[in-house]
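**Student:** Sharing a structure with you now.
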Amino acid sequence: MKKTITILYASLICILSANAQMAYQTYSNGDISIDIRPGKSQGKMYMDIDEIGIILNAKTRSSYLEFINESFAKFSEWSTVANENNITDMKKDIKEFSASGYFQYGGWKFGYSKHRSIFRIQEDGTHVCYVYIGEFQASSNQYMKSDPAIYYLTQELIDELTQYLNEENIETFIKLNNKTEDLFKN
């Protein structure tokens, strides 16, 4: 009897914890999920970017949006200056942002990484702005590290993230998925 109760209790905990994160949106670089369960972690956002992900909360979401918006604005300014002055070869850091994140290394690992936005004029003369995400070092083991990653900043990506990281949209999503009547379904 004790064994059955223990198995049922463990199953219930697994089911409840599995439902803590809920798929929120799919965007250009991957999927976004949000922790919807009440408590300190409610509203924590997990954004996939290739093989890694970053974790944003209410405080860091606005900082992250500021980071990508300011980076893209500076990219646009420097791109104009480069064109006006016939500059054909350049690579320059724009801004930095630190974030917590996650990666797979025999299981989920969590750590911190610096993100750098970079302006670059490529060999073919095109101007690009990308974010270089340095490797995440697992907080549980200093020898476990993720691979670095990059993603390109475009106006479409910034518009997408501005919409999806909007606090009102996130609050609405959490409220819709935490309705009391949903707790008592047949």
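The values are calculated or read from the model by the stated rules, or taken from the named source; none is laboratory data. This one's a predicted model, so the numbers in the text were calculated from it and none came from an experiment. Methodologically, a virtual Cβ is constructed for each residue, glycine included, from the backbone with ideal geometry; neighbour enumeration extends over all protein chains shown. The accessibility values were calculated without ligands, DNA or RNA, using every heavy atom of the protein model including side chains. Shrake-Rupley method; radii C 1.70, N 1.55, O 1.52, S 1.80 Å.
**Student:** Are any residues in the stretch 96-152 of a type in the set (S, T, N, Q), at pLDDT below 90 and either more than 12 Å from Glu51 (Cα to Cα) or outside any strand (DSSP E or B) (or both), and if so, which ones?
**Tutor:** Kept after step one, since they are of a type in the set (S, T, N, Q), are these residues of the stretch 96-152: 98, 100, 104, 113, 117, 122, 126, 137, 139-142, 146.
Checking the rest, the ones that are also at pLDDT below 90 come to 104, 137, 139-142, 146.
Those that are of a type in the set (S, T, N, Q), at pLDDT below 90 and either more than 12 Å from Glu51 (Cα to Cα) or outside any strand (DSSP E or B) (or both): Gln137, Ser139, Ser140, Asn141, Gln142, Ser146.
**Student:** Glu66 versus (1) closer than 20 Å to Thr162 by Cα; (2) in contact with a Phe, Trp or Tyr (Cβ under 8 Å, 6 or more places away or on another chain); (3) open to solvent by 70 Å² or more (accessible area, probe 1.4 Å): which is the lone unmet condition?
**Tutor:** (2) is the only condition that Glu66 fails.
**Student:** Filter the stretch 123-143 for residues that are under 12 Å from Ser79 (Cα atoms) and surrounded by fewer than 18 Cβ atoms within 10 Å (Cβ to Cβ) and give the result.
**Tutor:** If the condition is that a residue be under 12 Å from Ser79 (Cα atoms) and surrounded by fewer than 18 Cβ atoms within 10 Å (Cβ to Cβ), then Gly125, Thr126, His127, Val128 are the ones that fit.
**Student:** Let me ask something else about it. Which residue is modelled with the lowest pLDDT, if the candidates are limited to the stretch 153-178 and must be within 20 Å of Lys44 (Cβ to Cβ) and not in a helix (DSSP H, G or I)?
**Tutor:** Filtering the stretch 153-178 down to residues within 20 Å of Lys44 (Cβ to Cβ) leaves 160-178.
Adding the requirement that they be not in a helix (DSSP H, G or I) leaves 165-166, 177-178.
Values: Leu165: 91, Asn166: 91, Asn177: 84, Asn178: 78.
Taking the candidates together, the pick is Asn178.
**Student:** All but one of (1) surrounded by fewer than 18 Cβ atoms within 10 Å (Cβ to Cβ); (2) of a type in the set (Val, Ile, Thr); (3) not in a helix (DSSP H, G or I) hold for Val81; state the number of the condition that does not hold.
**Tutor:** (3)
**Student:** Could you check Ser71 against (1) crowded, with 18+ Cβ neighbours inside 10 Å; (2) in a strand (DSSP E or B) and say which number it fails?
**Tutor:** (2)
**Student:** Which numbered condition in (1) in a strand (DSSP E or B); (2) surrounded by 13 or more Cβ atoms within 10 Å (Cβ to Cβ); (3) at pLDDT 95 or above is the only one that Asp93 fails?
**Tutor:** So Asp93 meets the others, but not (2).
**Student:** Among the residues of the stretch 18-40, which ones are open to solvent by less than 30 Å² (accessible area, probe 1.4 Å) and in a loop (DSSP other than H, G, I, E, B)?
**Tutor:** Ala20, Ile36
**Student:** Yes or no: Ser146 on the phi < 0 side of the Ramachandran plot and open to solvent by 60 Å² or more (accessible area, probe 1.4 Å)?
**Tutor:** No, not satisfied.
**Student:** Just to be sure, is Asn57 on the phi > 0 side of the Ramachandran plot and open to solvent by 50 Å² or more (accessible area, probe 1.4 Å)?
**Tutor:** Working: on the phi > 0 side of the Ramachandran plot: no; open to solvent by 50 Å² or more (accessible area, probe 1.4 Å): yes.
So Asn57 fails the test.
**Student:** May I ask you to list the residues in the stretch 152-181 that are of a type in the set (Phe, Trp, Tyr) and either surrounded by 14 or more Cβ atoms within 10 Å (Cβ to Cβ) or without any contact (Cβ under 8 Å) to a residue 24 or more places away in the chain (or both)? Spell out the reasoning first.
**Tutor:** Of all residues in the stretch 152-181, those of a type in the set (Phe, Trp, Tyr) come to 152, 164, 173.
Answer for the stretch 152-181, where residues must be of a type in the set (Phe, Trp, Tyr) and either surrounded by 14 or more Cβ atoms within 10 Å (Cβ to Cβ) or without any contact (Cβ under 8 Å) to a residue 24 or more places away in the chain (or both): Tyr164, Phe173.
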